[in-house]
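*Asks:* Let me give you the structure first, and then I'll get to my questions.
Please treat every number below as a calculation from the coordinates, not as lab data. Keep in mind the model is a prediction, meaning the values are calculated, not measured. Every residue, glycine among them, receives a Cβ derived from its backbone with ideal geometry; neighbour counts consider all protein chains shown.
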Amino acid sequence: MTDRYVLAIDQGTTSTRCILFDRRATVVAVARGEHPQSYPRPGWVEHDAARIWRDTQRLIKRALSEAGVESSQVAAVGIANQRETVVVWDKATGTPVAPAIVWQDTRTSALVERLDAELIRSRTGLTPATYFSATKVQWLLDNGLRARAERGELLFGTMDSWLIWNLTGGLHITDVTNASRTMLMNLTTLEWDDELLALFDIPRAMLPQIRSSAEVYGTASLLPGVPIAAAIGDQQAALFGQTCFSPGEAKCTYGTGGFLLMNTGTEPVRSNHGLITTVGYRIGAGEVAYALEGSIAVAGSLVQWMRDGLGLIATASEIETLAGTVDDNGGCYIVPAFSGLFAPYWKSEARGVIVGLTSYINKGHLARAVLEATAWQTRDVVEAMNADSGLTLTALNVDGGMTADNLLMRTIADFLQVPVVRPMVAETVSLGAAYAAGLAVGYWSDLRDLRNNRHSAGRWSPSMDEARRAAEYANWKRAVESAVFFSS
Amino acid sequence: MSHVPGLIQSIERSSAVLRLLAAGPGRLRVKEVADALALPKSTAHSILRTLEHVGFVEQDPDTARYRLGRGLLDLGHGGIDLNELRGRALNWADALASRSGEEVRIGALRDDKVVVVHHVFRPDDSVQSLDTGRLLPPHATALGKVLLAYNAPAVEAAERAGLEAYTRGTLTTARALARSLSETRERGWALSVEEWEAGRAGIAAPVRSFGGLVVGAIGISGTVERLCDTRRQALTVQVEHVLSTARAISRDLAAS
């Protein structure tokens, strides 16, 4: 057997997965391990980074043994990771000195409120939020670690850095996509911004070196001689795995919420609609591809609410069955502003509404309104992206659990008036990491080579009458206005 | 406690539990069920958990009391929600398309027809359109023959509806169909070669839920040359791909 493979490590929020891909981008083996979420106080979310590293080693071995593959057959390792999560560890012992603070953690909201939003936006492309790493590092330093950090005894990294440091036995680096989510990187120079470091009072010595998303960083002691050749944030990895290499190409991952990223080319596009400007990827010494990112706050979680909150369905899939009992929404719209409205509205006080109720409305109409809410939110983000970038979305590449919902996919195609395409490899995050690593070592020759691997598993074409779409969109906009009107 | 030899005691007890829940206002604790039927609490608990597994009872998460499940309401609906089936089979179906190089469909019987529950494109860059929701003739497709093979009333219904000829190869007599279905049961998968469309073949296998209940079929379809050898027999490697996928989905369904 001379077959060679690329190993992807997807270090996610709830689980770590190691997936082995072959040259045709087919999944050869998957090993998955969940890790616990710790909620020590309201708003706090923590991970045990040491446990995640132990899991990763175990899962790498399991993936290889499942496929019957020797480490000599692994051409490269690529890492995709949950973004923004902060690990701080002891430089001498390699032991984390505090629990990892997860991106969802909101303990730093008071620190965020004090920030000069305009300054942060202009330097980093990010709208200040508790998501990003900077205030989490600041919080850790302010809570007992400052002296050690200033003596140069501590290192900071996102999950990619933590895993690479461990895999290589002491290389302290991060990639440019992960760095772009820290709120410490200057989006133009792609280096740590001294003024921001001073603002957050973070010693430069504890930061990793910023590298490209795809280059040989070092080799893994666990897999003798195998190059570690990629690191990339998970949503950017999905963009890359979906082969969105040209400006205007976009993907949306539908899970609890939705993450829509559009490749905007080699110049950063500053948003006038509250979208995030971020680094999409950088291959070797090549030019940086930037991306606009917009999130849909409530997608799958609205279906979960129908299931757990209202008890109208027993499983999430049944939303489609229920929605299929009626032909349309019957004039009913749901705006799921459970914790305010995100891009492009940014009304944090808005609250969810169900409008257009008449005695005619039954649970089937509500189910339809639930699915349509995800589709309209997607359209809102896409319109903002088109306006900011001057590009026009011509197709939406989708992935994530909700792509199993045929009616939802059809509805999104109808509402966006572009085809919606589901790729054959559902594991787009892992595939993106594998692609980046494979490119770096010449396993795949170029972007075109990767494109050739891309096959559609399904494609939904728009078929809605234009006048009806316009009328429905106007109704959605009015429903959004009522959510704003009904602010808390 | 009397028990007639030759009958299965746990099924008798399960029916008693269901009758008990159906009789009153129907929200009982394990202990109340055990007391009412003079069963050890652990036995009552095992029965309730099994009935919950198959959807016949539900446990209120707040009060921990048991009540009749919605699975009893849709006993006539084939055992699984079809959108649920698609959701559970999605990743397996993608992998089948990748490995076999052919398009994949999942089908289930609805109103005497095969409804396409899920469709994955053939992994080349040809223009294809999604078939989901389309109705296929059961007697002329591999998916349909799998579904008929494990469902005698559906065979009668298909025969009553008339075994329409689509090609010269379509099985149009009850006898020919019965022979093919019996063969399907024996080997555990179905083959159709130019029985619906000229030049095309299909291979399909049953997807089973708990207790072995066939809730759907998954299969590949493509040109006769790609799916069959020169004697028009299914290629073993393709049959293996279909069978292992069907087994994987079945395992997943039975475990939930």
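*Asks:* Please identify, among B:Leu177, B:Leu235, B:Leu96, the residue showing maximal mean-square fluctuation in a Gaussian network model of chain B using a 10 angstrom Cα cutoff.
*Replies:* Result for chain B, Cα springs under 10 Å: B:Leu235 fluctuates most.
*Asks:* Out of B:Pro138, B:Pro153, B:Pro40, any idea which swings most in a Gaussian network model of chain B, alpha carbons joined below 10 Å?
*Replies:* Highest fluctuation of the listed residues: B:Pro40.
*Asks:* Please report, for the Cα atoms of the stretch A:250-390, the Rg to one decimal and the Dmax as a whole number; what are they, in angstrom?
*Replies:* Both quantities, over Cα of the stretch A:250-390: 17.4, 63 Å.
*Asks:* If you build a Gaussian network model of chain B, linking Cα atoms that sit under 10 Å apart, which residue out of B:Ala198, B:Ala154, B:Ala108 swings the most?
*Replies:* Judging by the Gaussian network model, the answer is B:Ala198.
*Asks:* Shifting gears a bit: Treat each spin label as a single point 7 Å out from the Cα along the C-beta direction, and report the B:Val54 to A:Arg307 distance in nm.
*Replies:* The two pseudo-label positions are separated by 2.4 nm.
*Asks:* In what order do B:Thr63, A:Thr158 fall by count of nearby beta-carbon atoms within 10 Å, going from fewest to most?
*Replies:* Ranked by crowding around the Cβ, least crowded first: B:Thr63, A:Thr158.
*Asks:* Next question. On a 0 to 90° scale, report how tilted helix B:9-23 is relative to the longest principal axis of chain B, with both axes built from alpha carbons and the result rounded to the nearest 10.
*Replies:* 70
*Asks:* Then there's this: Placing unit charges on C-beta atoms (Lys and Arg positive, Asp and Glu negative, everything else neutral), compute the dipole magnitude of the protein assembly as shown about its Cα centre in debye, rounded to 20.
*Replies:* Dipole about the Cα centre, nearest 20: 1600 debye.
*Asks:* Now for a different question. Starting from the Cα-Cα distance between B:Ala157 and B:Ala254, subtract it from 0.36 nm times their residue separation and give me the gain in nm to one decimal.
*Replies:* Once the chain is fully extended between B:Ala157 and B:Ala254, it gains 32.1 nm.
*Asks:* Mind checking which aspartates and glutamates have their Cα closer than 15 Å to the Cα of A:Lys91? Skip sequence neighbours fewer than 8 apart in that chain.
*Replies:* A:Glu150, A:Glu153
*Asks:* Related question: Quote the relative contact order of chain A in percent (integer), defining contacts as alpha-carbon pairs under 8 Å separated by 6+ residues.
*Replies:* Dividing the mean separation by the residue count of chain A yields 15 percent.
*Asks:* Which angle from 0 to 90°, rounded to the nearest 10, does the C-alpha axis of helix A:159-168 make with the longest principal axis of chain A?
*Replies:* That works out to roughly 30 degrees.
*Asks:* Another question, if that's okay. Excluding same-chain residues fewer than 8 positions from A:Lys136, which aspartates and glutamates have a Cα within less than 15 Å of its Cα?
*Replies:* Those aspartates and glutamates meeting the cut-off are A:Glu46, A:Glu84, A:Asp105, A:Glu113, A:Asp201.
*Asks:* Where in the stretch B:147-207 are there trypsin sites (Lys or Arg not before Pro) that are in a DSSP coil and have at most 10 other Cβ atoms within 10 angstrom of their Cβ?
*Replies:* Loop-located and lightly packed - B:Arg168.
*Asks:* Same structure again: For chain B, take the longest principal axis of its alpha carbons; what is the angle in degrees between that and the long axis of helix B:82-100, to the nearest 10 within 0 to 90?
*Replies:* With rounding to tens, the tilt is 40 degrees.
*Asks:* Explain nothing, just the number: dipole magnitude of the stretch A:376-488 about its Cα centre with +1 on each Lys and Arg Cβ and -1 on each Asp and Glu Cβ, in debye rounded to the nearest 20.
*Replies:* Charge dipole of the stretch A:376-488: 200 debye, to the nearest 20.
*Asks:* Cut-off is 10 Å between beta-carbons; in what order do A:Phe342, A:Phe485 appear when sorted fewest neighbours first?
*Replies:* A:Phe485, A:Phe342
*Asks:* Compute the separation of the alpha-carbon centres of the stretch A:160-222 and the stretch B:80-150 and state it in Å as a whole number.
*Replies:* Each part's Cα centre sits 46 Å from the other's.
*Asks:* Based on alpha-carbon centroids, what's the gap between the stretch B:1-64 and the stretch A:278-298 in Å, whole number please?
*Replies:* Between the Cα centre of the stretch B:1-64 and that of the stretch A:278-298, the gap is 56 Å.
*Asks:* Hey, another quick one. What average count of beta carbons from other chains do you get within 10 Å of the Cβ of residues in B:81-90?
*Replies:* Average per residue, whole number: 6.
*Asks:* Could you pull out every one of the aspartates and glutamates with an alpha carbon less than 14 Å from that of B:Lys41, ignoring same-chain neighbours closer than 8 positions?
*Replies:* B:Lys41 reaches B:Glu32.
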